[in-house]
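Scroll down for the structure; my scribbles are underneath it.
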Number of protein chains: 2
Amino acid sequence: MNYEDVMKLALERGFYFPSCEIYADAQAGFWEYGPSGVSLKNKFLELWRRELIRRDGMMEIDGSQIMSKSVFEASGHLGNFADPIIKCTKCKSTFRADRTISEISKIEIPESADLVEFDNAILQNNIKCPKCKGDFENAKKFNMMFKVGIGPEEEEAYLRPETCQSIFVDFPRLFKTMRGKLPLGIAQIGKSFRNEISPRQSLLRLREFYQAEIEVFCNPTKLDEMERFSEVQNTIIRIQIDTKAVSMTCKEAVESKTIPNKFVAYYLGILAEFYEKTGIDVTKSRFRKLGDKEKAFYAQVAFDFEV
Amino acid sequence: MNYEDVMKLALERGFYFPSCEIYADAQAGFWEYGPSGVSLKNKFLELWRRELIRRDGMMEIDGSQIMSKSVFEASGHLGNFADPIIKCTKCKSTFRADRTISEISKIEIPESADLVEFDNAILQNNIKCPKCKGDFENAKKFNMMFKVGIGPEEEEAYLRPETCQSIFVDFPRLFKTMRGKLPLGIAQIGKSFRNEISPRQSLLRLREFYQAEIEVFCNPTKLDEMERFSEVQNTIIRIQIDTKAVSMTCKEAVESKTIPNKFVAYYLGILAEFYEKTGIDVTKSRFRKLGDKEKAFYAQVAFDFEV
């Protein structure tokens with residue numbers, strides 16, 4: 001089924017539909033789940049709880065969505081969680097700088113580049129507004145967090161852009177009060193919020209969306225001391241490195257150093273078993289090892305699950 | 001167990017705890033559920049789904065929390081969802097006008113009164129700031145909705161102050177696509193947000209909180225044509241009118257006109273059965289019929305469940 005067919009079915013059968021659609025000022029990037037959507041989502045979450053949270057003895061929390069300014073100063077989101085944008089001086093439309101430049105002139109500038117690089121590219125390639133051919137103002141950074149004012153003094157706080165914030169902020173209390181032992185998985189299903197410049201394709205790029213997130217805290221010197229690894233050592237996972245997807249057992253993946261240690265291999269193993277139970281055709285899936293430029297600066301290794 | 005004991009247990013066992021507590025700018029009125037809290041909440045919700053949603057064939061939706069300005073213009077929240085506040089000219093502290101006046105001078109002014117009534121009461125009774133004895137500025141209205149700016153132009157939108165907004169806004173599509181027939185229950189469990197002046201007592205007055213809400217749409221001329229009423233006609237409910245709580249069956253409540261029709265009695269009946277199954281000591285509970293001044297202006301009849 002292509003995207004249009006999925007959308008048609010979703011709207012006709014009440015799986016999901018745009019929020020506030022009866023009003024003219026309905027904003028893009030907000031969607032509501034109808035009865036069938038809620039039912040499907042709940043089934044997915046029950047499986048997630050059974051196959052990951054309960055199986056691995058993780059803790060599940062449910063944190064507040066509005067969090068203090070300090071949290072996002074510490075996480076770097078206040079400074080860096082921003083997209084480069086350009087605004088037309090004539091029609092006042094706003095665009096993502098990197099995407100617009102790449103679409104018009106095929107020049108690829110990373111979104112994290114200095115703003116002056118975008119301005120230079122626009123000038124040198126005579127890039128104009130795609131809507132009205134007007135000139136652009138200088139590029140700006142647009143922070144994607146939604147700000148809210150708390151109390152009559154409107155103290156600065158933000159809607160979290162990721163569910164992981166609550167997990168990290170709550171870790172000290174949870175570790176102490178719940179008598180945690182490493183490795184310790186903390187999970188959360190909840191809403192996150194990002195003020196996207198161009199939300200699109202219904203549930204694929206939203207301004208308000210659910211995340212089902214797990215952070216496993218571990219001792220980095222003990223990544224191969226993982227008794228539970230035996231549970232998944234014969235589980236087959238598909239791993240894509242560069243362009244080829246290969247099937248192998250978790251044990252083979254560790255022995256061939258495709259996966260650097262038993263700790264990572266164990267979690268890829270239980271994830272593979274989970275995804276199979278969701279009904280995904282796993283023969284069409286793979287864990288893709290991210291390249292050095294793709295993964296976050298703090299990550300030693302990273303895999304994306306792709307179908 | 002008194003409030004302090006409950007709080008102590010909740011903190012020690014990780015049921016719930018303040019959000020962002022590791023930071024100095026943690027805002028009041030935001031809480032996180034720890035593992036035991038999530039587990040308890042999920043059990044409650046499963047019971048709610050089984051005993052009310054599935055039993056009555058209701059539809060469950062899950063709507064966006066950020067909604068367009070028009071929604072709150074139409075609902076009246078933009079104009080009227082406000083508390084009267086007073087600010088000290090000296091120490092700049094802000095207080096709820098009605099509460100501060102009543103605490104200091106025992107004069108009761110309804111929160112919906114004209115602002116000039118608060119100013120007059122303050123002047124005539126020489127009411128000063130409880131913190132520093134300073135004078136107050138004139139009373140103001142403080143809208144309790146959290147505003148968020150959408151996109152680079154910061155178009156006005158709000159975090160919903162009640163979950164019912166999504167239910168009402170989605171009703172036309174749901175009624176059509178799901179082939180609804182009245183009476184039709186639409187349910188939602190989700191977060192709501194209110195910028196309270198003085199959040200307090202942990203989960204009792206929050207700025208961000210869950211609501212499990214049901215709106216049943218019906219034909220007002222057919223409130224006694226309710227076949228399903230027979231399921232609950234012998235269910236015992238406790239109803240408090242004025243100061244006395246009386247136990248009676250749903251049938252007796254309708255016949256004695258304590259409850260005006262079978263429609264309302266049916267829903268109080270299934271709610272009574274639900275609350276009993278949650279483990280609440282129902283002999284200490286009652287449905288209290290609200291007086292004319294307590295209930296919303298649009299309500300013909302209203303009951304609060306109290307324990």
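The values are calculated or read from the model by the stated rules, or taken from the named source; none is laboratory data. Since this is a predicted model, take the numbers as computed values, not measurements. A quick note on method: Cβ atoms are made from the backbone with ideal geometry, for glycine too, and the neighbour counts reach across all protein chains shown.
Search the range A:12-34 for residues being over 23 Å from B:Tyr158 (Cβ atoms) and surrounded by 17 or more Cβ atoms within 10 Å (Cβ to Cβ), and hand back the single one that is modelled with the lowest pLDDT. Spell out the reasoning first.
The first filter runs over the range A:12-34 and keeps only residues over 23 Å from B:Tyr158 (Cβ atoms), leaving A:12-15.
If we keep only those that are surrounded by 17 or more Cβ atoms within 10 Å (Cβ to Cβ) too, we end up with A:14-15.
Numbers: A:Gly14: 90, A:Phe15: 96.
Looking at the filtered set, the residue picked out is A:Gly14.
Return yes when A:Val301 is farther than 30 Å from A:Phe95 by Cβ and touching a helix residue (DSSP H, G or I) at 6+ places or on another chain (Cβ under 8 Å) and no when it is not. Steps first, answer last, please.
Values: farther than 30 Å from A:Phe95 by Cβ: yes; touching a helix residue (DSSP H, G or I) at 6+ places or on another chain (Cβ under 8 Å): yes.
Criteria met by A:Val301.
If you scan the range A:143-164, which residues turn out to be within 9 Å of chain B (Cβ to nearest Cβ) and at pLDDT 95 or above?
A:Phe146, A:Lys147, A:Val148, A:Gly149, A:Ile150, A:Glu155, A:Glu156, A:Ala157, A:Leu159
Is it the case that A:Ser93 is over 21 Å from the mean Cα position of the chain (by Cα) and surrounded by fewer than 23 Cβ atoms within 10 Å (Cβ to Cβ)?
Numbers: over 21 Å from the mean Cα position of the chain (by Cα): yes; surrounded by fewer than 23 Cβ atoms within 10 Å (Cβ to Cβ): yes.
So A:Ser93 fits the description; yes.
Consider the range B:291-307. How many of its residues are surrounded by 10 or more Cβ atoms within 10 Å (Cβ to Cβ), of a type in the set (A, V, I, L, M, F, W, C) and farther than 24 Å from B:Thr221 by Cβ? Show your work before the answer.
Residues of the range B:291-307 surrounded by 10 or more Cβ atoms within 10 Å (Cβ to Cβ): B:291, B:294-295, B:299-306.
Going one step further and asking which of them are of a type in the set (A, V, I, L, M, F, W, C), we end up with B:299, B:301-303, B:305.
Checking which are farther than 24 Å from B:Thr221 by Cβ leaves us with B:305.
Selection size over the range B:291-307: 1.
Do you know which residues across the range A:255-282 are without any contact (Cβ under 8 Å) to a residue 12 or more places away in the chain and part of a helix (DSSP H, G or I)?
Residues of the range A:255-282 without any contact (Cβ under 8 Å) to a residue 12 or more places away in the chain: A:255-257, A:276, A:279.
The answer is A:Glu255, A:Glu276.
Could you please find all residues in the range B:27-36 being facing chain A (nearest Cβ under 7 Å) and either among the hydroxyl-bearing types (Ser, Thr, Tyr) or out of contact with any helix residue (DSSP H, G or I) (no Cβ under 9 Å at 6 or more places or on another chain) (or both)?
Here is the first cut: in the range B:27-36, the ones facing chain A (nearest Cβ under 7 Å) are B:27, B:30-35.
Listed by number, the residues that qualify are B:Gln27, B:Phe30, B:Tyr33.
Looking at B:Gly37, B:Gly63, which is the one that is under 24 Å from A:Ile186 (Cα atoms) and modelled with pLDDT of 95 or more?
On the way: B:Gly63 fails: under 24 Å from A:Ile186 (Cα atoms).
Testing whether each residue is under 24 Å from A:Ile186 (Cα atoms) and modelled with pLDDT of 95 or more leaves just B:Gly37.
Counting just the residues of the range B:47-64 that are within 12 Å of chain A (Cβ to nearest Cβ) and in a loop (DSSP other than H, G, I, E, B), which one comes out surrounded by the most Cβ atoms within 10 Å (Cβ to Cβ)?
If we filter the range B:47-64 for residues that are within 12 Å of chain A (Cβ to nearest Cβ), which is where we start, we get B:49, B:53-54, B:57-64.
Those still in the list that are in a loop (DSSP other than H, G, I, E, B) too: B:57-58, B:63-64.
On the way: B:Gly57: 11, B:Met58: 19, B:Gly63: 23, B:Ser64: 27.
Here the residue is B:Ser64.
Quick check on this structure: which one of A:Ser93, A:Ser102, A:Ser39, A:Ser70 is free of Cβ contacts under 8 Å to residues at least 60 places away in the same chain, within 12 Å of chain B (Cβ to nearest Cβ), out of contact with any Gly (no Cβ under 6 Å at 6 or more places or on another chain) and under 30 Å from A:Asn126 (Cβ atoms)? Show your work before the answer.
Numbers: A:Ser102 fails: within 12 Å of chain B (Cβ to nearest Cβ); A:Ser39 fails: under 30 Å from A:Asn126 (Cβ atoms); A:Ser70 fails: under 30 Å from A:Asn126 (Cβ atoms).
The unique qualifying residue is A:Ser93.
Go through the range A:217-247 and give me each residue that's outside any helix (DSSP H, G or I) and more than 27 Å from the chain's Cα centre (by Cα).
In the first step, residues of the range A:217-247 are kept if they are outside any helix (DSSP H, G or I); the result is A:217-226, A:232-247.
A:Thr221, A:Lys222, A:Asp224, A:Glu225, A:Met226, A:Gln233, A:Asn234 - these are the residues of the range A:217-247 that are outside any helix (DSSP H, G or I) and more than 27 Å from the chain's Cα centre (by Cα).
Consider B:Phe17 carefully, then state whether it is of a type in the set (Phe, Trp, Tyr), under 24 Å from the mean Cα position of the chain (by Cα) and either in a loop (DSSP other than H, G, I, E, B) or facing another protein chain (nearest Cβ under 9 Å) (or both). Give the derivation first.
Numbers: of a type in the set (Phe, Trp, Tyr): yes; under 24 Å from the mean Cα position of the chain (by Cα): yes; either in a loop (DSSP other than H, G, I, E, B) or facing another protein chain (nearest Cβ under 9 Å) (or both): yes.
Yes: the conditions hold for B:Phe17.
Looking at A:Thr163, is it among the polar types (S, T, N, Q) and touching a Ser or Thr at 6+ places or on another chain (Cβ under 6 Å)? It would help to see each step written out before you state the result.
Numbers: among the polar types (S, T, N, Q): yes; touching a Ser or Thr at 6+ places or on another chain (Cβ under 6 Å): yes.
Yes: the conditions hold for A:Thr163.
Would you be able to tell me the number of residues in the range A:131-150 that are in a loop (DSSP other than H, G, I, E, B), surrounded by 19 or more Cβ atoms within 10 Å (Cβ to Cβ) and over 20 Å from the mean Cα position of the chain (by Cα)?
Number satisfying all stated conditions: 1.
For A:Phe44, state whether it is more than 9 Å from chain B (Cβ to nearest Cβ), touching a residue at least 60 places away in the same chain (Cβ under 8 Å), within 16 Å of A:Phe193 (Cβ to Cβ) and within 22 Å of the chain's Cα centre (by Cα).
Working: more than 9 Å from chain B (Cβ to nearest Cβ): yes; touching a residue at least 60 places away in the same chain (Cβ under 8 Å): yes; within 16 Å of A:Phe193 (Cβ to Cβ): no; within 22 Å of the chain's Cα centre (by Cα): yes.
Answer is no for this residue.
Are any of the residues in the range B:125-135 on the phi > 0 side of the Ramachandran plot and either polar (S, T, N, Q) or in the same structural domain as B:Met59 (by TED's automatic domain parsing) (or both)?
Yes, the range B:125-135 has at least one match.
For A:Leu9, work out the one condition from (1) away from chain B (no Cβ under 13 Å); (2) of a type in the set (A, V, I, L, M, F, W, C); (3) without any contact (Cβ under 8 Å) to a residue 40 or more places away in the chain it doesn't fulfil.
Unmet condition: (1).
Go through the residues of the range B:19-26 one by one and say whether even a single one is touching a residue at least 12 places away in the same chain (Cβ under 8 Å) and touching a helix residue (DSSP H, G or I) at 6+ places or on another chain (Cβ under 6 Å). Quick ask: steps written out before the conclusion?
Our first condition is that a residue be touching a residue at least 12 places away in the same chain (Cβ under 8 Å); within the range B:19-26, this holds for B:19.
Filter once more, keeping what is touching a helix residue (DSSP H, G or I) at 6+ places or on another chain (Cβ under 6 Å): none.
The answer is no; no qualifying residue exists.
For residues that are acidic (Asp, Glu) and either in a loop (DSSP other than H, G, I, E, B) or not assigned by TED's automatic domain parsing to the domain that holds A:Glu208 (or both), scanning just the range A:20-46, find the one that is farthest from B:Ser70 (Cα to Cα). Working first, answer last.
Of all residues in the range A:20-46, those acidic (Asp, Glu) come to A:21, A:25, A:32, A:46.
Now narrow it down to the ones that are either in a loop (DSSP other than H, G, I, E, B) or not assigned by TED's automatic domain parsing to the domain that holds A:Glu208 (or both): A:21, A:25.
On the way: A:Glu21: 11, A:Asp25: 7 Å.
Checking each candidate, the answer is A:Glu21.
Has the range B:183-202 got any residue that is surrounded by fewer than 16 Cβ atoms within 10 Å (Cβ to Cβ) and either free of Cβ contacts under 8 Å to residues at least 40 places away in the same chain or assigned to a helix (DSSP H, G or I) (or both)? It would help to see each step written out before you state the result.
First pass over the range B:183-202, keeping only residues surrounded by fewer than 16 Cβ atoms within 10 Å (Cβ to Cβ): B:198, B:200-201.
Cutting the leftovers down to either free of Cβ contacts under 8 Å to residues at least 40 places away in the same chain or assigned to a helix (DSSP H, G or I) (or both) gives us none.
No, that holds for no residue.
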